[in-house]
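Down below is the structure, laid out as structure tokens.
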Amino acid sequence: MTEQRASGRSRSARAASGLLMSLGLLTAIGWASGHNARAAPATIPVPNSAPAGQYSPFWIDPRSEALHQTRMVEKRGRASDAALLRRISDQPTAVWLTERDPAERVRRATREATLAGQVPVFVAYNIPGRDCGQYSSGGASSDEEYRQWVGRIADGIGGRRAVVVLEPDAVPQAATGCDGRSRVDATTESGSAAGLRPAPGSRSDRRALLADAVRTLKARPGAAVYVDAGNAGWIRDIGQIADALKNAGVKSADGFALNVSSFHTTRASQEYGNRLSAALGGAHYVIDTSRNGKGPVQEHTNRGGDAEPWCNPPGRALGTPPTTKTGSPTVDAYLWIKRPGESDGACRGGPPAGQWWTEYALGLAREAMGEPDAGGPDRRADDRE
């Protein structure tokens, strides 16, 4: 129920490898602050003077919807709104892969990023029975089709560098009852029961399919892979989610991802992530900080009728911009995995999942600057230029 709803090895040995080692991004000197156990060959050095939270080696997509909408708003004479939207469009966000054949898109992005001396972030989001039939239902029609699809991502990466966040929600949904094989009643991240529609055809265990995907992607030497682990408010039993991640191949990956398309604070995510990391022998991880500047909406203040608190909640704010300067030896990066400004789903007056919503984007930017959003997210749901 992410994005279009919106949205290890021996760890002692891997203390010197993580995202930045595998991508060859940083010098030993530049990475010393907060990560002095690591050393890496230099391709993009970190300035010693860069404050925490301000260095990013990640690629900005010149064809992003955020950039397009910023330009359109500016052309229409809305200078102040354009300035707010630039707080989104000027930041690197993930490229979500859902198309039938992602190879050419991945190839183009990795080539452009390489020429710019940067690294693209991708989200692989096509697991069979995706989102268990909810807002972002869909995905590959069979396990074999999915394996081929992941292979095409690997083909597109080639020998270039890339970060891949693997299948948001897939592991926690499997851990709580949905594996894409049959209709079940499972618990969603908000704690409510949901009747989940099955994907057609036979299915292997979803976690085994993800483990295959990790192996395929990690065969590319420049690929860093993080298996999605949900968020700090979803599965409270650390052992439960740790076991599911192990079965999904996390120990062959570079680690796990937290808070994708969610709103939990960086502090809460890191507290949860450190516990999960310990249960996985010191696994590294990344945190989605795209919309967590004010944390999640509280249940008792949740407005919007029947809308879930994760779906276009009002009053949220942009979080820490993407960076590898996290100050933590286990947090490899803060990333904007969810693209701020894209709807979580058709709730609270929003457009369908994954579509741009200018007013919501403006609200996120205003709140991040300490300026309450006077209009609220319900004001102009169709304001897509």
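To the nearest 0.05, what FRET efficiency results for ILE238 and ASP205 with a Förster distance of 30 Å applied to their C-beta separation? All intermediate terms of the calculation are to be shown ahead of the outcome.
Numbers: r = 21 Å, r/R0 = 0.71.
Between ILE238 and ASP205 the formula returns 0.90.
Quick one: grab the alpha carbon gyration tensor of the stretch 71-166, order the square roots of its eigenvalues as a ≥ b ≥ c, and give me rounded if a/c is under 1.5, else prolate or oblate depending on whether a/b is larger than b/c. Verdict is oblate for the stretch 71-166.
For the pair ARG63 and GLN298, the difference between a 0.36 nm per residue extended length and the Cα-Cα distance amounts to 81.1 nm. Accessible-area rank, largest first, for ILE153, ILE60: ILE60, ILE153, with all protein chains present and a 1.4 angstrom probe.
In terms of its C-alpha gyration tensor, the stretch 55-102 has an oblate overall shape, because the principal axis ratio a/c (a ≥ b ≥ c, square roots of the eigenvalues) is not below 1.5 and a/b does not outweigh b/c.
Each residue of the stretch 66-83 is assigned a 3J(HN,Hα), and the resulting list reads 4, 5, 4, 5, 4, 5, 5, 5, 5, 4, 8, x, 9, 4, 5, 5, 4, 4 Hz, derived from the Karplus form 6.51 cos²θ - 1.76 cosθ + 1.60 (θ = phi - 60°), x at Gly and Pro.
Relative to the Cα centre, the charge distribution of the stretch 220-349, modelled as +1 at Lys and Arg Cβ and -1 at Asp and Glu Cβ, gives a dipole magnitude of about 300 debye.
The values are calculated or read from the model by the stated rules, or taken from the named source; none is laboratory data. Being a predicted model, the structure only gives us computed values, none of them experimental. Quick reminder, even Gly has a Cβ in these numbers, built from the backbone with ideal geometry, and neighbours come from all protein chains shown. Side chains included, ligands, DNA and RNA excluded: accessible areas come from the protein's heavy atoms. Shrake-Rupley method; radii C 1.70, N 1.55, O 1.52, S 1.80 Å.
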